[in-house]
Amino acid sequence: MALDEFDRALIAATQSGLPLLTRPYDAVGAMLGVSGERVQERLAQMLVQGLIRRIGAVPNHYRLGYLANGMSVWDIDDARVSEFGRIVAALPEVSHCYRRPRHLPTWPYNLFAMLHGQSREHVQAQADHIASLLGDACRSRDILYSTAILKKTGLRLKEI
């Protein structure tokens, strides 16, 4: 589907993120000479059309005081991983959770859950809580701590 001039301007105005204001769509609309409602409507249409996949927040956990960020990895019985994945994903301390294939014999883990804390001890306590929920369905686990902040970006258009 081809983008028109307004679509390109809208993507250019939002590709670095929405402004951190109470009414971000109104601010974007003011930049483009349209209402905030028009901005919301077009973004919603772009979602339905598949031009964009999502509109979401990408928090900088370090700036929020969460200095220990760890991907907890779990070896869960394949017959139960979906069941436990739903339970873990619903926990407030988990920012994202997903299932991935194992790479045996060196990588037995099939459930991943990102945890954030003010210290590694805090993250470890969160992982211990998850382990108590998983019980004997969990055969092994580990936590892979972040050592660098990766730049996260959304859609970018060349030659706008």
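What follows is calculated from the coordinates using simple rules that are stated; it is not laboratory data. No experiment lies behind these values; they were computed from the predicted model shown. With ideal geometry, Cβ positions are generated from the backbone for all residues, glycine too; neighbour counts draw on all protein chains shown.
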task = Give, rounded to the nearest 20 debye, the magnitude of the charge dipole that the chain has about its Cα centre when Lys and Arg contribute +1 at Cβ and Asp and Glu contribute -1 at Cβ.
result = 320
ask   = Size of the dipole of the stretch 68-145 about the Cα centre, Lys and Arg at +1 and Asp and Glu at -1 on the beta carbon, nothing else charged, in debye to 20?
value = 220
inquiry  = Give me the percent relative contact order of the chain, please, defined on Cα pairs under 8 angstrom at least 6 residues apart.
reply    = 27
query = What is the Rg over Rh value, at two decimals, for the stretch 68-145, using alpha-carbon atoms and the Kirkwood definition of Rh?
reply = 0.94
key: Globularity index of the stretch 5-49, i.e. its alpha-carbon radius of gyration over 2.2 N^0.38 Å   = 1.03
task = Report the percentage of all Cα-Cα pairs in the chain whose separation exceeds 26 Å, rounded to a whole percent.
result = 47
Helix 120-134 axis, angle to the chain major axis (alpha carbon atoms, nearest 10°) = 70
Difference of contour (0.36 nm per residue) and Cα-Cα distance, VAL48 to ARG23 = 6.7 nm
request  = Give me the distance in nm between label points sitting 7 Å out from Cα along the Cα-to-Cβ direction at SER95 and ARG80, one decimal.
outcome  = 2.9
